[in-house]
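First comes the structure, then the notes that go with it.
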Amino acid sequence: MSTPQELPANWEKTFTATTAEQTHAFGARLAEVLQAGDLLVLSGELGAGKTTFTQGLGEGLGVRPGIISPTFVLVRIHPNLPDGPRPGGPDLVHVDAYRLGSAAEIDDIDLENTMDSAVTVVEWGHERVEHLSDSRLEIDLHRAIGLDGSAEASRDALDFDAEDTDEPRTIAMRGYGPRWANLPALAGPDGGAAC
Ligand SMILES: Nc1ncnc2c1ncn2[C@@H]1O[C@H](COP(=O)(O)OP(=O)(O)O)[C@@H](O)[C@H]1O
Ligand SMILES: [Mg+2]
């Protein structure tokens, strides 16, 4: 029998977010279709926008604010707020799996406990958390610049002083398992249809 991690994606869709605000807003819109038990696996280099996207998710879910890059804390639980847009809705569990070498180490932090009542978002979760659920959304964020390999593009990509300057990001989304049999109805980051 195939394990969930071996099954192919049901669909893949790529979006472009021209600004950090668009990436944030895209997360907030995705939150509207999420429910307790959902697992999201985020990939992308440092500064790609994983945390910006997760902050948008948190806003859309109406959970306690204060989402930051969980660099020194492996797991943060943001409880759903009774006066938010989705009272009684899911909490947000935000995980940084960067330092966790294996699926076994993931099991040590016991995400199963919170998964049923939360949307679980794992930065750097690829090949570490797939076993936690039979379904998942994979979301890859990448800086759109620097990919042509030119000296100028590489310099831009490494210039972290420019981090707060808006630059385009590509956001590739893939759905796995029965929960994500179909692409959710979702406008792209610029509010228009997906490209
Ligand atoms: N289109 C964009 N989408 C997301 N972030 C962007 C964009 N353009 C510029 N940025 C900036 O890039 C940085 C992304 O940081 P962050 O979300 O912490 O990334 P990660 O969690 O992937 O390391 C922020 O400073 C943000 O303002
Ligand atoms: Mg981050």
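The values are calculated or read from the model by the stated rules, or taken from the named source; none is laboratory data. This structure is a prediction, so every number in the text was calculated from the model and none was measured. A quick note on method: Cβ atoms are made from the backbone with ideal geometry, for glycine too, and the neighbour counts reach across all protein chains shown.
Quick notes on this one:
- Every residue from segment 101-139 that is touching a Lys or Arg at 6+ places or on another chain (Cβ under 6 Å) and among the hydrophobic types (A, V, I, L, M, F, W, C): Ala103, Ile106
- Gly60 being within 10 Å of ligand 1 (Cβ to nearest atom), touching a helix residue (DSSP H, G or I) at 6+ places or on another chain (Cβ under 6 Å) and small (Gly, Ala, Ser): no
- Selection over segment 100-119 of residues that are in a loop (DSSP other than H, G, I, E, B) and small (Gly, Ala, Ser) gives a count of 3.
- From the options Ala172, Ala193, residue that is among the hydrophobic types (A, V, I, L, M, F, W, C) and modelled with pLDDT under 90: Ala193
- Every test in (1) more than 22 Å from Leu132 (Cα to Cα); (2) surrounded by fewer than 20 Cβ atoms within 10 Å (Cβ to Cβ); (3) among the aliphatic types (A, V, I, L, M); (4) in contact with a helix residue (DSSP H, G or I) (Cβ under 8 Å, 6 or more places away or on another chain) is passed by Ala103 save one, and that test is (1).
- Looking only at segment 79-99, and only at residues there that are of a type outside the set (Asp, Glu), under 10 Å from Val119 (Cα atoms) and outside any loop (DSSP other than H, G, I, E, B), the one that is nearest to the chain's Cα centre (by Cα): His94
- Scanning segment 165-181 for residues that are among the hydroxyl-bearing types (Ser, Thr, Tyr) and surrounded by fewer than 19 Cβ atoms within 10 Å (Cβ to Cβ) returns Thr165, Thr170.
- When restricted to residues that are in contact with a Ser or Thr (Cβ under 6 Å, 6 or more places away or on another chain) and over 25 Å from Pro90 (Cα atoms), segment 17-56 contains 1.
- Residue in segment 98-119 that is modelled with pLDDT of 85 or more and within 16 Å of ligand 1 (Cβ to nearest atom) present: no
Per-residue answers, yes or no, for (1) on the phi > 0 side of the Ramachandran plot; (2) within 16 Å of the chain's Cα centre (by Cα):
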| residue | (1), (2) |
| --- | --- |
| Arg29 | no, yes |
| Gly37 | yes, yes |
| Thr52 | no, yes |
| Leu74 | no, yes |
| Thr114 | no, no |
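- On inspection, Asp91 does not qualify as more than 9 Å from ligand 2 (Cβ to nearest atom) and without any contact (Cβ under 8 Å) to a residue 12 or more places away in the chain.
- When Ala48, Ala28, Ala36 are checked against the criterion of being surrounded by 15 or more Cβ atoms within 10 Å (Cβ to Cβ), in contact with a Lys or Arg (Cβ under 9 Å, 6 or more places away or on another chain) and either assigned to a strand (DSSP E or B) or among the small types (Gly, Ala, Ser) (or both), a single residue qualifies: Ala48.
- Of everything in segment 51-78 that is in a loop (DSSP other than H, G, I, E, B) and of a type in the set (Val, Ile, Thr), the residue that is farthest from ligand 2 (Cβ to nearest atom) is Val73.
- Failed criterion for Leu81 (all others in (1) of a type in the set (A, V, I, L, M, F, W, C); (2) at pLDDT 95 or above; (3) within 25 Å of Thr14 (Cβ to Cβ) hold): (3)
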